[in-house]
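Every number here is computed from the coordinates shown, using simple stated rules; none is lab data. Model, not experiment: these values are computed from the prediction. Here Cβ is always computed from backbone atoms with ideal geometry, including for glycine, and neighbour counts include all displayed protein chains.
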Amino acid sequence: MLIKNLYIENSEHTSDIRVTDGKIEKIGEDLIPLDGEQVCDYAGKLALAPFIESHIHLDTCLTAGEPVWNMSGTLFEGIECWAKRKDMLTRQDVRSRVSRALRRMAGKGVQYVRTHVDVTDPDLTAMRELIELREEYKDVMTIQIVAFPQEGILSFPNGKALLEASVKMGADAVGAIPHFEFTREYSVESLNYACELAVKYDLLVDVHCDEIDDEASRGLETLAARALETGLKNRVTASHTTAMHSYNNAYVARLMRLIKMSGINFVSNPLVNTHLQGRMDTYPKRRGVTRVKELTQAGVNVSFGHDDMFDPWYPLGAGGMRDVVFMGLHVCQMMGYEDIINSYRFICQNAAKTLNLGDGYGIREGNDANFIVLDAKNWYDCLNNDAVVLGSYRKGKLISRGEPSKTEVNFA
Ligand code: FE2
């Protein structure tokens, strides 16, 4: 198959992509169709490597209002709402919601998802179902599962054993939530344990790290130190790190050295943390998003995630990554031209590094023919006009297709 006239990653000239046996065989200008070759001409549209959702909770998605709405919008009322909803959890319920969410995400150009799954559940209901779904969807969606101890490792009954059971069941990454543990000692011990498990089972690490406005919440330094000392390094991700927003600058200057030495990745979730953080403030109210601009300038890898989709903590979200980037650029004050035109990297290349996808990700000859085509010429226009995903290709197969949106205005 020959797919013609694509602006690959904001390039100035269009290129064609020849797909053979699910692989990108050749990329070049004005490739001539072979005898009998199927041709699809996009007439000058943007092609990107598929979007990557690097931080979401699929087990809670699409539950907003069930059985009650979070009226205050706070994290704590969200936890109360989820405690009621958690009682209703069945494997069929998880299957039905996750399947709907994945279909929506596929239509928005997402092909890779890292989902956190709550394992502070003695039955591990959601974990069991997600592991089955990961296998069932693997041809259209790559799913990584983080065993996420929502209510703590040391502070939840049997927390350590549940986490290890989840790992043995087949999780891809070990999670932790140090700021939620009862004490600072537990916080440190939980991070040590998560890294020990990752080393023992050869897994990745992704920690809900310091998702709080408390400037004294310093799980990040422990996580970075363990990442360095264990050699896990870029296999470790610090998600959220919203307390870093409130750290004093002298401390951050010292911390940044360790962060760079450790090689860890960061995930920021600008939609949800803008909504949930700063809730204890009067005025001024903190934005509560980590220091994306400064980390990026220091050469640290940062990707963006949606975090929650229509659930007790975040009552909006339709599965797309565009709004995540849009909000992230605003709240992190990254609105220069170069910042905007290159911002797809937060949900493409940077997220690929977070997920440790390796060289197999990206529009390159020899790679699987995984890419998306958007109804715009470059990412700036795409972001600004919320362009439709015209096609999402997975190993050369069209797994979703969209039509350009159309509006008629009836005045001159
Ligand atoms: Fe999260």
The size of the Cβ-based charge dipole (Lys, Arg +1; Asp, Glu -1) of the chain about the Cα centre, to the nearest 20 debye, is 240 debye
In Hz, Karplus ³J(HN,Hα) per residue of segment 291-305 (6.51, -1.76, 1.60; θ = phi - 60°; x = Gly, Pro):
7, 4, 4, 5, 5, 4, 5, 7, x, 8, 6, 10, 10, 10, x
Calculate, in nm to one decimal, what Asp381 and Val252 gain on full extension: separation in residues at 0.36 nm each, minus their alpha carbon distance.
42.9 nm
Debye calc, one equal point scatterer per Cα of segment 52-148, no solvent, log10 I(q)/I(0) at q = 0.15, 0.18, 0.19, 0.22 1/Å comes to -0.59, -0.84, -0.92, -1.18
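At a 10 angstrom cut-off on C-beta neighbours, averaged per residue, how do the peptides 144-154, 160-170, 323-333 rank from highest to lowest?
Top to bottom by mean Cβ count within 10 Å: 144-154, 323-333, 160-170.
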Rank Ile145, Met71, Met105 by how far each Cα sits towards the positive end of the charge dipole of segment 69-146 (+1 on Lys, Arg Cβ; -1 on Asp, Glu Cβ) and give me just the farthest.
Met105
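Kindly provide the helix-only [θ] at 222 nm of the chain, computed as the sum of -39,500 (n - 2.57) over DSSP H runs of four or more divided by all residues, to the nearest 500 deg cm²/dmol?
On the way: 13 runs with 137 residues, N = 412.
The per-residue figure over the chain is -10000 deg cm²/dmol.
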Highest mean first, how do 206-217, 249-260 rank when packing is the count of other Cβ atoms within 10 Å averaged over residues?
206-217, 249-260
At q = 0.11, 0.25 Å⁻¹, what is the base-10 log of I(q)/I(0) for segment 268-366 according to the Debye formula with one equal point scatterer per Cα and no solvent? Please give it to two decimals.
-0.37, -1.38
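What is the Å³ per residue value for the convex hull set by the Cα atoms of the chain? List each step's numbers first, then the result.
Numbers: hull volume 68.5 nm³, N = 412.
Value for the chain: 166 Å³ per residue.
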Rounded, prolate or oblate: which one fits segment 343-385, using the alpha carbon gyration tensor with axes a ≥ b ≥ c (rounded when a/c is under 1.5, else prolate when a/b beats b/c, else oblate)?
oblate
Listed by chain and number, the residues whose amide H is under 5 Å from that of Gln150, excluding neighbours fewer than 5 places away on the same chain and using placed H, are Val119, Thr120
